[in-house]
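J.: Dumping the structure here so I can ask a few things about it.
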Amino acid sequence: MTTNYPKVAVVILNWNGRYFLEKFLPSVFNSTYPNLSFVLGDNASSDDSVSFVADNYPTIEIVQNDTNKGFAGGYNAVLEQVEADYFVLLNSDVEVTDNWIEPIIALLESNPDMAAAQPKIRAVHDRTKFEHAGASGGFIDAYGYPFCRGRILSHTEEDSGQYDDQIDIFWATGAALFIKSKAWRSAGGFDADFFAHMEEIDLCWRLKRMGYRIAVCPSAVVYHVGGGTLNASNPRKTFLNFRNNLMMLQKNLPFLSACYVIFIRLWLDLLALLQFLAKGKWGDAWAVSRAHQEFFWYFFRTASKRKNITGPFLPQGRYNKLLIFAFFVKGIKKFSGLPSNDFVR
């Protein structure tokens, strides 16, 4: 019987992901949650990933977008056609474990004011370590730099159970995002202008400003490849991260705070650009410059979105200091080294 269980739809957004689907879809498809459906949202792939799923998993619903709308726009378009109590936005490069759904749904069901949650994310290629995109819950510093319990900047920690407590977080990873469908729709989903990267942080920030809570449930564990579509050294990824971060700050900070923080960030970004040049990464350096140009090109368009966002601008969970100072100057490489009184409570 499934009537006592809320309906959960696991939705995998795909773009030329045949390799990952063939490798990881079996673990997902064998999930034991009783009231479960599966959806493959395809972003106009040019490989045979759609036919592979249709032939080998005929019960999986396939929703095809006519163009590659990116992670943000792609999920927006697909989820318009999905009916469920809960959406699980799952990357194609994620391997799940037994009982990965049940504890998170139980957590969300028992907390009406909680909109979204994530499992603990470990790395596929080094299963003892946290994975960069999510680890054991996401946070953000005063200048917009995201980090996680288990990952600060490029440094990921070994998972020895040090972050196994279930807590409220600032943002939940888009690699395995559990969200109530009503909350998704009331928030308007992702900002499609982001295309990819930072869209889940922006969504969680908006949800928190609407009065919702976000959590991590470490008793549920998944393994993530990371960089499956754009790897870490891809200038396109650099461009999207820098541009989208500035857009997110403009949307979600109070006006005067946004002016101050973005001014500081532009100078910090310049330092990053110079560092890329020093390392001979010309493409990444140009990507930072392009990110700034496009941020200003879309400035008034992004500003118009502020009127649609209500609630406090600085919700619980923000780190009130500059993370890169703590990392490079103070030598703090672990989340546990950040003083708890430096976070908004």
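Readers should treat all values here as calculations from the given coordinates under stated rules, not as data from a laboratory. As the structure is a computational prediction, the values presented were derived from the model and not from experiment. Here the Cβ is made from the backbone with ideal geometry for all residues, glycine too, and neighbour counts use every protein chain on show.
J.: Around residue 148, which amide H atoms from residues at least 5 apart in sequence, or from another chain, sit under 5 Å from its own amide H, with H modelled in the peptide plane?
T.: 139, 153
J.: In addition: Mind giving me the nanometre distance, one decimal, between the label points for residue 282 and residue 5, set 7 Å out from Cα along Cα→Cβ?
T.: In this crude label model, residue 282 to residue 5 measures out at 5.6 nm.
J.: Same structure, new question: Quick one: which residues, 5 or more positions from residue 343 or on another chain, have an amide H under 5 Å from its amide H? H modelled 1.01 Å from N in the peptide plane, none for Pro or chain starts.
T.: 320
J.: Let me test this: with uniform point scatterers at the alpha carbons of the range 181-336, what is the Debye-based log₁₀ I(q)/I(0) at q = 0.09, 0.13, 0.20 1/Å?
T.: -0.34, -0.73, -1.53
J.: For the chain, what are Rg and Dmax over the alpha carbons, in angstrom?
T.: 19.3, 62
J.: Separate question: Give me 212, 143 ranked fewest to most by other Cβ atoms within 10 Å of their Cβ, as a rough exposure proxy.
T.: Least crowded to most crowded, the residues run 143, 212.
J.: Counting alpha carbon pairs within less than 8 Å and at least 6 residues apart, what relative contact order, in whole percent, applies to the chain?
T.: The normalised contact order for the chain reaches 18 percent.
J.: As a test of the formula, what do you get for the chain when each DSSP H run with n ≥ 4 contributes -39,500 (n - 2.57) and the sum is divided by the residue count, at 222 nm and rounded to the nearest 500 deg cm²/dmol? Walk me through the numbers on the way to the answer.
T.: On the way: 11 runs with 125 residues, N = 345.
Computed ellipticity for the chain at 222 nm equals -11000 deg cm²/dmol.
J.: OK, next. For 210, 114, 247, which order do you get if you count the other beta carbons within 10 Å of each Cβ and list the fewest first?
T.: Lowest count first: 210, 114, 247.
J.: Considering only 160, 37, 181, give the residue with the highest GNM mean-square fluctuation for the chain, with springs between Cα atoms whenever their separation is below 10 Å.
T.: Looking only at 160, 37, 181, the biggest GNM fluctuation is shown by 160.
J.: May I ask you to compute the full-extension gain from residue 44 to residue 304, defined as 0.36 nm times their residue separation minus their alpha-carbon distance, rounded to one decimal in nm?
T.: Between residue 44 and residue 304, full extension yields 90.6 nm more.
J.: Further, regarding this structure: Given the options 320, 65, 30, which has the most mean-square fluctuation in a GNM of the chain, springs set between C-alpha atoms less than 10 angstrom apart?
T.: Looking only at 320, 65, 30, the largest GNM fluctuation is found for 30.
J.: Restricting to bridges with both residues inside the chain, how much of the DSSP beta-bridge set is antiparallel, in percent to the nearest 5?
T.: Just about 45 percent of them are antiparallel.
J.: With springs connecting C-alpha atoms under 10 Å apart, model the chain as a Gaussian network and identify which of 207, 40, 271 has the largest mean-square fluctuation.
T.: 271
J.: Please report, ordered by residue number, every helix of the chain (full DSSP H runs) that is 20 Å or longer along its axis going by C-alpha atoms and whose mean Kyte-Doolittle hydropathy reaches -1.0.
T.: The qualifying helices are 235-252, 255-278, 282-297.
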